[in-house]
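Presented below is the structure to which this report refers.
Laboratory data are not the source of any read-out in this text; all were calculated from the coordinates shown. All figures in this text were calculated on a predicted structure; none of them were measured in a lab. Here Cβ is always computed from backbone atoms with ideal geometry, including for glycine, and neighbour counts include all displayed protein chains.
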Amino acid sequence: MSRTPSAKRRRLSPPEANGAASPPSADHQSSFFSSAAKWNLEQDYEQRPRKLKGKQKENGRLPIRTTEGWIEQKPAAEEVKEEEDTDSFFGTASEGEDEIKTEEVVEEEPKVSSRQQILEAKEELARIASLLNEDPEEHIEALNTLAQIAASDNATVRKLALATQVAVFQNLIPGYRIRPLSEDSMNEKVSKEVRKLRAFEQKLVSCYQAYVQELAKLAKSGGNAPPGTSTGLASVAIGCACSLLIAVPHFNFRGELLKVLVGKLSTKRVDDDFAKCRETLETLFQNDEDGNTSLDAVTMLTKMMKARDYNVDESVLNTFLHLRLLHMFSLKASYNSVDKPEQQYTGKKIKEKREFRTKRQRKVLKERKVIEKEMQEADAVISHEERDRIQAETLKMVFVAYFRILKARSQKLMGAVLEGLAKYAHLINQDFFGDILEALRELITQAELWTSAEDEDDEASDNEDEDETSARNVTRESLLCVITAFALMQGQDGATATSALKLDLGFFVTHLYRTLYPVSLNPDIERSSKSLHLPDPHAPDSLPQKNKVNVQTTIVLLIRSLSSALLPASAIRAVPPVRLAAFCKQLMTASLQLPEKSSVAMLGLMNQVTKIHGKKLGALWNTEERRGDGAFDPMTAEFEGSNPFATTIWEGELLRLHYSPTVKDAVLGIEKNVHETR
């Protein structure tokens, strides 16, 4: 290439005359010219950084076609910032400035509103639930995604995720318990289908365990909801635990779910969550067929009550009334033992009764028994012997709780204990009758003392016993004692039990006779726990009228007591005529004061009594056949000294004028029975 001189060359000024600067030498000039010839000024100019205007910057976005034509998109804002940063002269900054810029960028990220988060979470949860429902084994890893969503900072999203997990687990959980496998079992050589099923089951169990632990943690912490509200995470966790316990009580980690419910029932505050846990246990007891779940729940409840020194709500103890052992269990037990069933002869049959089978038939029968046994094991069928053993343990735990409370004389739980004993009295062993009857006598004596104390006008005693009497219903407790005492004799040989154990129920019959008049004057005799009742406007504010009736009303308890005393189940125990006459006179008098439904029930009992014992009571409806001498004393404490045959039942004439036609028909039926049996 030929050397081309530069376009512009600067001329050197001539040296000054005074010789201040010496002119450059010829060698220096030649070296300068030779180096300048190698400069590539155009390439240097091309590579020089330069700043362009916004309109001239390259746009990386494609145009959009609309109805009006093609429209170019504006460049992104982030690209502009990056170009400005690169074109900036001050390219480097301090570390502190970098941190500040980073923090500003994080804060400037677009924030999603809470409502938008909830909508997105709903869509995501629905998508995951659909995948798990379509092919659980293929998308089992989606359970981890649900757990991550449940750990969100948004409380509403967490509630939705917890509820979604309940529905998902209810669909995925099989009808059997999953046994955890060891590492050796997992490394065994099995088929591809078995390996896939094992992986699915182990993943399901691990995720379910983590979910149950999270529910227990939330329920124990109480969530962020204030007291009295049911919108917190704790309420949602308790509701999820209740749903799982009802839907899959057979699956793993049942004990952890029961701990959540029992922990809530141990609190003193009775709210919606408390009622939900109690209703769940009642439903669980009613639907439990094998008895394992009921045994676990009863064991935890009794341990919790003992740890809290039986300072629990009365409704917790009433959950035992929903156990299925009343209908399916036939053995008798006490607080420390259970009677064993009679051993049936299982040896070889007598030769004459043995059925002849050929060798081939015996072989086929043997193979069939093996197949049936395997089918029962696969279906988890529990034999009657195993069921009786489980229910015997459950009954023992229930009696342990009842007897301890009865021994401790807990006033708050006495009514519930007596109601439970009255219901399960036919399952109590005869060896324990004496101790129970002695405790019942003490309770009735105590109730009579409370009643006599209320009748007196002693202000000091009223002020001292005000709190205790307001928390008790002594009339109901005494009636339950009478029912329990008579229920102990049901299903037993009355003559043998009375002679061997020397049991005398005369004390309870006498107390029942003294209770008839006061109970008939009770205005709340038909009031139940579900009745609508306005408070007494004249009652002081410091003494609120609390409804202590749990299961049965006072009139129902009274009818049960009278039926046991006047209509015994065993024909061996004959009722004395004096007792029949005294009670019939009292009942007819009490019917004049009772409400319509109670009066109908009382007259219905009288109808049964006159139908069976009409010959013994005919003299009470006929003045000419009166056999007693002297005067009748209706206010005496003992029915033997009332002289009932010295009077007549004139109350029927007034009951014929009753406004209710049902009462009129009942009176006519009683008189018809008396005249037919004479």
- Message: I want to check the label-to-label distance for Ser660 and Glu638. Put each point 7 Å from Cα in the C-beta direction and report it in nm to one decimal.
- Response: 3.5 nm
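Quick one: what do you get for the range 575-678 if you divide its Cα Rg by 2.2 N^0.38 Å? Could the numbers behind the result be given before it?
Working: Rg = 13.0 Å, N = 104, 2.2 N^0.38 = 12.8 Å.
The reported ratio for this selection is 1.01.
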- Message: My understanding is that a pair violates if its Cα-Cα distance is over 19 Å; which of Lys217/Lys259; Lys306/Lys396; Lys276/Lys423; Lys616/Lys672; Lys264/Lys407 do that in this structure?
- Response: Lys276/Lys423; Lys264/Lys407
- How do Thr280, Thr267, Thr164 line up, fewest other C-beta atoms within 10 Å first? Thr267, Thr164, Thr280
- How long is the gain from Asp44 to Leu181 if the chain were fully straight, where each residue apart is worth 0.36 nm and the alpha carbon distance is subtracted? 42.0 nm
- Item | Order of Leu603, Leu654 under a 10 Å beta carbon neighbour criterion, fewest first | Leu654, Leu603
- Query: Hey, rough spin-label estimate for His675 and Asn311, points 7 angstrom out along Cα→Cβ, what's it come to in nanometres?
  - Reply: 6.6 nm
- Query: What is the extension gain from Lys122 to Glu72, computed as 0.36 nm multiplied by their sequence separation minus the C-alpha to C-alpha distance, in nm to one decimal?
  - Reply: 14.3 nm
- Task: Tell me the label-point distance for the pair Gln593, Gln213, using the 7 Å Cα-to-Cβ offset, in nm and rounded to one decimal.
- Result: 6.5 nm
- Item | Descending semi-axes in Å of the range 113-286, equivalent ellipsoid built from Cα gyration tensor | 30, 22, 13
- Query: Which FRET efficiency value, to the nearest 0.05, do you get for Ala147 and Glu188 by plugging their Cβ-Cβ distance into 1/(1 + (r/R0)^6) with R0 = 25 Å?
  - Reply: 0.30
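How would Glu419, Glu625, Glu355 line up from fewest to most surrounding beta-carbon atoms within 10 angstrom?
Details: Glu419 24, Glu625 12, Glu355 6.
Fewest-to-most Cβ neighbours within 10 Å comes out as Glu355, Glu625, Glu419.
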